[in-house]
Amino acid sequence: MTEAEVDTRIRALIEPFNKKGVEISAATTFANDLEFDSLTVMDFVAEIEDEFDIIISMNQQAEIENYGLLVSAVHKLQDS
Amino acid sequence: MTDTVTAPAGDLFSKFDDIIQTRETLLASGVEDPYNLVMEKVLSPTRAICNGRDTILLGTYNYMGMTFDPDVLEAGKQALADYGSGTTGSRVLNGTFQGHKECEDALREFYGMDHAMVFSTGYQANLGIISTIAGKGDYVILDIDSHASIYDGCAMGNAEIVPFRHNNVEALEKRLRRIPEGAGKLVILEGVYSMMGDVAPLKEMVAVSKKYGAMVLVDEAHSMGFIGENGRGVAEEQGVMDDCDFIIGTFSKSVGTVGGFCVSNHPKFDIMRLVCRPYVFTASLPPSVVATSATSIRKLMHGSNKRAHLWENSKTLHKGLRDLGFDIGTPEAQSAIIAVIMPDLQQGAMMWEALLKEGLYVNLARPPATPAGMTLLRCSLCAEHSAEEVQTILQMFERAGKAVGIIS
C-alpha cells in the first residue's frame, strides 16, 4: 500500500474523532490541535491497528506527535 | 499553561500550572482540601478521630481489619524488642533477617507456590518485577486501566508496551495475535481494578494469553485475603492460579501493614534477588513490619468467617447506595470497593466534605487516576464494619447526597 493510500484510509478513520472539524494537515498535532485525551488516543490507535492489522506500541506513540508522522509510521509498519 | 501565572522563563515548575490552578479554584469555592486530611487518633480498623470528630473509616483498604489484631500487634512488639527498629540495609547485603524469611515462608504457604520475594512496597514489587523480566525486544500487553506502579514498571524497562481496552478479552487477543513471532510476551492483568472495584475476566484472559505463549502476571493487591476460597484472589476464584506465572500483591491492603511481594512457580525465579534493582538497591522492611505481616498472612488463611461478613457488607452497601439513587461503578458488588460516580469534581469534592462532616471518611478520586475523566467517591469496606455501621453509612450518604443535590 502506498503512503497516499495509507493517508486516505487514516483520514476516514480520524473523522469521528475530529470533533471540532479541524482541518487535517501533516503538521496537525494530536495533543494540541485535535485535543485528544489518553482515552481518545487509545480508541483511535485501536481503530488504526485493526484497519492495518498492526501494533503501534506506546513507545512508538510517544514519537508520533502529528498526523504526518502517523501516516509515515503506519506506512512503514504495514510493510514490515 | 495558564495565562495568569508569571513564572520566569525556564521555571521547571511551569508544567504543573494547570494542576495548581485546578486545585486553587476548587479550594476557593470553600471546600476543604481532601488531600490534607489528618487522622489525629486511630481508634480501630474502622474508626478514627479526624478534625476532632469520631469518624467511620470507609476509605482505608483495610479489608480484613488486621491493623489492630492482638496477635499481629504482639508479633510486631516482640520483633522490635528482639531485632530493633530497622535493618538499615538492602536484602542482598545486611538487610535479610529471620523475619524476612518467615514472611516469605508465610506467602509461599498462603499461595501454595514455590517462590516468594518480599519488596519494601507493592509499588516497588511491580516496578521491579516488570522492568526486570520484560526487556528489549519483548512485549508487555496490559489493560489500559492498570495501576500507576504497573505503568511505571513498564516505563523503567525497555520492552514495547501495548495497552488494550479495559477488561476486553477480544482486544487482548487481537494484540497478542499481532506480536511478531518469537518475541517474549508478558500479559499484565489485575484481579480487582481499584478505581471502579470491578473484577477482571481472568479465566478467559489467562486462557487467551497462554494460547499465544505469553507469560501472565496478575496483580491481586485488592483481592488478597478476601476473594477466593482461601483468599488467594480472583485467579483462585476463577480457577486459573496454576496458569499465572507471577502473582503480585501488597501488604498495605488486607495484610494491614506495608510492603509488597511476588510469588511464582518459575524454577529460575530466585535469580530475581540478584537482578531486580528495586529489590537490590533499597533498604528492606523493618523487622516489626515483616513480623506483623507474616502473622497477619497466616491468620488470613483462616479468615473464611471474616470473608463472608465482608461480602455481606459489600452487597448491603452496594444495594443501599443504588436504592438511594447513586450511580455505582459496577452493576453489582464485585469486591470490597464500591465506587460512587460523582457528576463532576466540584460536586464530588462537596459531597466528600459533606460526608466528612457527617463523620464518614471515603476517598475522593479524580483524573488522571480515574478512568474516562470521572470523579469518584471510593468506598472500601472492612470485615470489621458491623452491619449497623453499614446502615449508619447509608444514612450519612442519604443526608449528604440530598444536601449537595446529587440525589433527590
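Checking the conditions here, which among A:51, A:35, A:47 is at positive phi and either within 14 Å of another protein chain (Cβ to nearest Cβ) or not in a helix (DSSP H, G or I) (or both)? Give the steps one after another, and end with the answer.
Details: A:51 fails: at positive phi; A:47 fails: at positive phi.
Only one candidate passes the filter, namely A:35.
Could you please find all residues in the range B:150-165 being in contact with a Gly (Cβ under 7 Å, 6 or more places away or on another chain) and surrounded by fewer than 22 Cβ atoms within 10 Å (Cβ to Cβ)?
Going residue by residue through the range B:150-165, those that are in contact with a Gly (Cβ under 7 Å, 6 or more places away or on another chain) are B:157-159.
The answer is B:157, B:158.
Tally up the residues in the range B:247-272 that are open to solvent by 10 Å² or more (accessible area, probe 1.4 Å) and closer than 13 Å to residue B:111 by Cα, please.
Total satisfying the criteria: 1.
Which condition does residue B:344 not pass, out of (1) of a type outside the set (Gly, Ala, Ser); (2) modelled with pLDDT under 95; (3) within 14 Å of residue B:59 (Cβ to Cβ), if it passes all the others?
(3)
Just a yes or no: is a residue in the range A:65-79 on the phi < 0 side of the Ramachandran plot and within 13 Å of another protein chain (Cβ to nearest Cβ)? Quick ask: steps written out before the conclusion?
Restricting attention to the range A:65-79, the residues satisfying the condition of being on the phi < 0 side of the Ramachandran plot are A:65-79.
This time we only want the ones that are within 13 Å of another protein chain (Cβ to nearest Cβ), so: A:77-78.
So far as the range A:65-79 goes, yes, one or more of its residues are on the phi < 0 side of the Ramachandran plot and within 13 Å of another protein chain (Cβ to nearest Cβ).
Could you please let me know if residue B:384 is touching a residue at least 24 places away in the same chain (Cβ under 8 Å), on the phi < 0 side of the Ramachandran plot and assigned to a loop (DSSP other than H, G, I, E, B)? Write out each step before concluding.
Working: touching a residue at least 24 places away in the same chain (Cβ under 8 Å): yes; on the phi < 0 side of the Ramachandran plot: yes; assigned to a loop (DSSP other than H, G, I, E, B): yes.
The answer is yes for residue B:384.
Any chance the range B:234-242 includes a residue that's in the same structural domain as residue B:294 (by TED's automatic domain parsing) and within 15 Å of the chain's Cα centre (by Cα)? Outline the logic, then answer.
First, pick out the residues of the range B:234-242 that are in the same structural domain as residue B:294 (by TED's automatic domain parsing): B:234-242.
Adding the requirement that they be within 15 Å of the chain's Cα centre (by Cα) leaves B:234.
Taking every residue of the range B:234-242 in turn, at least one turns out to be in the same structural domain as residue B:294 (by TED's automatic domain parsing) and within 15 Å of the chain's Cα centre (by Cα).
Do any residues in the range B:129-153 that are more than 20 Å from residue B:263 (Cα to Cα) have Cβ atoms under 7 Å from those of residues that are β-branched (Val, Ile, Thr) and open to solvent by 10 Å² or more (accessible area, probe 1.4 Å), where the two are at least six apart or on different chains, and which pairs are they?
Filtered contacts from the range B:129-153: B:139/B:179.
If only one of A:63, A:49 is open to solvent by 60 Å² or more (accessible area, probe 1.4 Å) and among the acidic types (Asp, Glu), which one is it?
On the way: A:49 fails: open to solvent by 60 Å² or more (accessible area, probe 1.4 Å).
Within the list A:63, A:49, the selection yields A:63.
Residue-wise test of (1) within 17 Å of the chain's Cα centre (by Cα); (2) not assigned by TED's automatic domain parsing to the domain that holds residue B:196.
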{"residue": "B:218", "(1), (2)": "yes, no"}
{"residue": "B:247", "(1), (2)": "yes, no"}
{"residue": "B:251", "(1), (2)": "yes, no"}
{"residue": "B:260", "(1), (2)": "yes, no"}
{"residue": "B:265", "(1), (2)": "no, no"}
{"residue": "B:285", "(1), (2)": "no, no"}
{"residue": "B:293", "(1), (2)": "yes, no"}
{"residue": "B:319", "(1), (2)": "no, yes"}
{"residue": "B:322", "(1), (2)": "no, yes"}
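Kindly indicate whether any position in the range B:335-346 is open to solvent by 10 Å² or more (accessible area, probe 1.4 Å), farther than 25 Å from residue B:217 by Cα and free of Cβ contacts under 8 Å to residues at least 60 places away in the same chain.
The answer is yes, given that some residue of the range B:335-346 is open to solvent by 10 Å² or more (accessible area, probe 1.4 Å), farther than 25 Å from residue B:217 by Cα and free of Cβ contacts under 8 Å to residues at least 60 places away in the same chain.
Taking the conditions exactly as written (of a type outside the set (Val, Ile, Thr) and open to solvent by less than 20 Å² (accessible area, probe 1.4 Å)), does residue B:193 satisfy them or not? Even if it seems obvious, please write down each step before you answer.
Values: of a type outside the set (Val, Ile, Thr): yes; open to solvent by less than 20 Å² (accessible area, probe 1.4 Å): yes.
Yes.
Under 9 Å between Cβ atoms, which residue pairs at least 6 apart in sequence (or on different chains) link something in the range B:363-381 that is touching a residue at least 24 places away in the same chain (Cβ under 8 Å) and part of a helix (DSSP H, G or I) with a partner that is among the hydrophobic types (A, V, I, L, M, F, W, C) and open to solvent by 10 Å² or more (accessible area, probe 1.4 Å)?
B:371/A:39; B:371/B:144; B:371/B:195; B:371/B:196
Would you confirm whether or not the range B:98-107 contains a residue that is within 14 Å of another protein chain (Cβ to nearest Cβ) and surrounded by 18 or more Cβ atoms within 10 Å (Cβ to Cβ)?
The first filter runs over the range B:98-107 and keeps only residues within 14 Å of another protein chain (Cβ to nearest Cβ), leaving none.
No: zero hits.
The values are calculated or read from the model by the stated rules, or taken from the named source; none is laboratory data. Quick caveat, the model's predicted, so the values are computed rather than measured. Virtual Cβ from ideal backbone geometry, glycine too; neighbours counted across all protein chains shown. The area values use the complete protein model at the heavy-atom level, side chains included, leaving out ligands, DNA and RNA. Shrake-Rupley method; radii C 1.70, N 1.55, O 1.52, S 1.80 Å.
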